[in-house]
Amino acid sequence: MITRSLIELIFSAASIERWNDHPRPVQFTEMAKQAHKFVIAYVIGRYEEDRGAEVDWNAIIEGGVFEYLHRVVVTDIKPPVFHRLMANETQRKDLNRWVMDRLYPLLSPLPGGVADRCRTYFDEDDHRVEKRYLQAAHYLATKWEFEFIYGWSRPIFHIERTKEEIERQVKEHMDIEGVRQLIMSDSLPESDRGLAGFISLVGQLRFQKRWAQTPRIPQTSVLGHLLFVAVLSWLVVLETGGCFRRRYNAFYGGLFHDLPEVLTRDIISPVKRSVEGLDQLIKELEMEAIATDVLPLLPESWHPEMLAFVKDEFENRIWPKGQTTPTILDRDIGEDQDRDELNPIDGRIIESCDKLAAFIEASESVRLGIKSNELFEGKRSIYMRYAHKCVNGYPVGVLFDYFR
């Protein structure tokens with residue numbers, strides 16, 4: 001099964017600060033940066049698909065997760081040093097071997113040879129196009145953060161060199177049409193920015209704190225939380241042996257499930273339940289905001305999929321080709337629905353992983369000595385609901401027991 005150590009490694013990125021040798025207006029974390037990278041990679045991949053290119057989405061998701069774990073392991077190496085090491089073939093192989101010595105035991109319990117694919121990912125030239133999409137997304141996410149850092153850091157020696165290096169790295173990927181369009185539209189007026197506006201809007205979720213009224217360590221952002229839920233959901237569906245579309249939907253359904261919160265803010269469950277009908281009203285307002293402020297930034301052909309990720313996000317659904325909207329299921333997704341042509345979406349697994357993420361956020365803070373009634377009550381209520389529970393055939397209760 002998925003191990004506690006693997007989950008802890010994934011979550012540790014919430015404690016890894018970026019730009020910590022620069023003055024910063026806010027805290028930037030590795031988890032939020034990686035989440036933004038995945039969103040940008042999605043935009044680039046969809047844009048290239050619209051132009052007729054074949055995109056291996058499994059390579060983007062799996063390769064992105066491998067790169068995420070790799071970066072967490074080598075977090076103490078500053079980016080300029082890291083990139084120089086990776087540019088030297090001998091040093092790159094030595095570093096990757098050292099990283100895999102730490103990752104392989106965590107990934108080996110996963111089915112389908114995931115650990116072996118991770119071992120070869122960084123030293124082989126497979127999926128070169130998808131790797132370039134991920135690399136471009138990495139530099140664009142870095143550029144987005146640096147634009148906040150730059151105004152505070154102009155007195156710092158070599159800050160102009162850092163700026164030039166980031167711009168050079170982005171320019172190296174301008175042959176990718178999706179990247180070129182993002183860079184060009186980023187300089188347009190707000191009303192005309194389109195996909196660049198969408199990426200900026202999603203990026204703002206790194207400024208919204210989870211459990212905003214409750215002191216915690218580490219503090220987590222809504223953006224980082226989205227990636228945590230996405231990776232957990234993907235791992236669970238991977239362990240069930242789910243088909244490709246099921247894994248795709250689990251990952252991106254997790255990555256976008258709280259997207260409306262960029263417009264409505266994170267509202268904790270007790271508040272939503274405090275007034276009869278408030279939860280439903282909030283959902284209606286969220287969907288109105290998506291329709292008026294988010295969808296216009298995306299190509300119209302993307303709207304059905306984005307709506308499928310944010311509407312009824314915690315319901316099990318199937319979405320066969322040719323059907324305009326998903327069909328909600330009132331039962332677990334079984335073998336009969338686990339087929340690519342039915343495009344199954346594990347809403348209940350995404351919901352379980354959303355609650356598992358909250359449970360871990362509270363548990364980790366309590367473990368580190370930051371305790372409050374809100375954290376204890378949050379842990380208690382979540383655990384009571386999910387202890388010993390199976391969802392879509394998967395014993396999610398075991399994952400909660402790791403952090404009880």
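Annotation note: Cβ proximity below 7 Å between a residue of region 379-402 that is under 23 Å from residue 216 (Cα atoms) and a residue that is open to solvent by 50 Å² or more (accessible area, probe 1.4 Å) (sequence gap 6+ or interchain) occurs for 383/404; 402/4. Residue 144 falls short on exactly one of the conditions (1) part of a helix (DSSP H, G or I); (2) more than 17 Å from residue 30 (Cα to Cα); (3) modelled with pLDDT of 90 or more; (4) open to solvent by 20 Å² or more (accessible area, probe 1.4 Å), and that condition is (2). Filtered by the rule that a residue be open to solvent by 30 Å² or more (accessible area, probe 1.4 Å) and either touching a Leu at 6+ places or on another chain (Cβ under 7 Å) or within 30 Å of residue 402 (Cα to Cα) (or both), region 23-38 gives a lone residue, 27.
Pairing residues of region 303-317 that are open to solvent by less than 60 Å² (accessible area, probe 1.4 Å) with residues that are of a type in the set (Lys, Arg), at Cβ distances under 8 Å and at least 6 apart in sequence or on separate chains, gives 308/317; 314/348; 316/331; 316/348.
Here is a yes/no grid of residues against (1) on the phi > 0 side of the Ramachandran plot; (2) at pLDDT 90 or above; (3) surrounded by 22 or more Cβ atoms within 10 Å (Cβ to Cβ):
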residue: 12; (1), (2), (3): no, yes, no
residue: 21; (1), (2), (3): no, no, no
residue: 40; (1), (2), (3): no, yes, yes
residue: 49; (1), (2), (3): no, yes, no
residue: 65; (1), (2), (3): no, yes, yes
residue: 70; (1), (2), (3): no, yes, no
residue: 79; (1), (2), (3): no, no, no
residue: 82; (1), (2), (3): no, no, no
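Are any of the residues in region 172-192 in a helix (DSSP H, G or I), modelled with pLDDT of 90 or more and more than 26 Å from residue 55 (Cα to Cα)? No - not one qualifying residue is present in region 172-192. The sole residue among 338, 346 that is over 21 Å from the mean Cα position of the chain (by Cα), touching a residue at least 60 places away in the same chain (Cβ under 8 Å) and under 21 Å from residue 230 (Cβ atoms) is 338. The set of residues from region 149-166 being surrounded by 14 or more Cβ atoms within 10 Å (Cβ to Cβ) and not basic (Lys, Arg) comprises 149, 150, 152, 153, 156, 159, 162, 165, 166.
Within region 221-241, the set of residues being open to solvent by 10 Å² or more (accessible area, probe 1.4 Å) and either on the phi < 0 side of the Ramachandran plot or part of a helix (DSSP H, G or I) (or both) comprises 221, 238, 239, 240.
In summary, residue 16 fulfils each of the numbered conditions (1) at positive phi; (2) touching a strand residue (DSSP E or B) at 6+ places or on another chain (Cβ under 9 Å) with the single exception of condition (1).
Has region 4-23 got any residue that is under 20 Å from residue 232 (Cα atoms), free of Cβ contacts under 8 Å to residues at least 40 places away in the same chain and not hydroxyl-bearing (Ser, Thr, Tyr)? For region 4-23, residues under 20 Å from residue 232 (Cα atoms), free of Cβ contacts under 8 Å to residues at least 40 places away in the same chain and not hydroxyl-bearing (Ser, Thr, Tyr): present.
The values are calculated or read from the model by the stated rules, or taken from the named source; none is laboratory data. It should be emphasised that the depicted structure is a prediction, and the values quoted were computed from it without experimental measurement. Reconstructed Cβ throughout: ideal geometry from the backbone, glycine too, with neighbour counts over all protein chains shown. Keep in mind that these areas ignore ligands, DNA and RNA; they rest on the heavy atoms of the full protein, side chains included. Shrake-Rupley method; radii C 1.70, N 1.55, O 1.52, S 1.80 Å.
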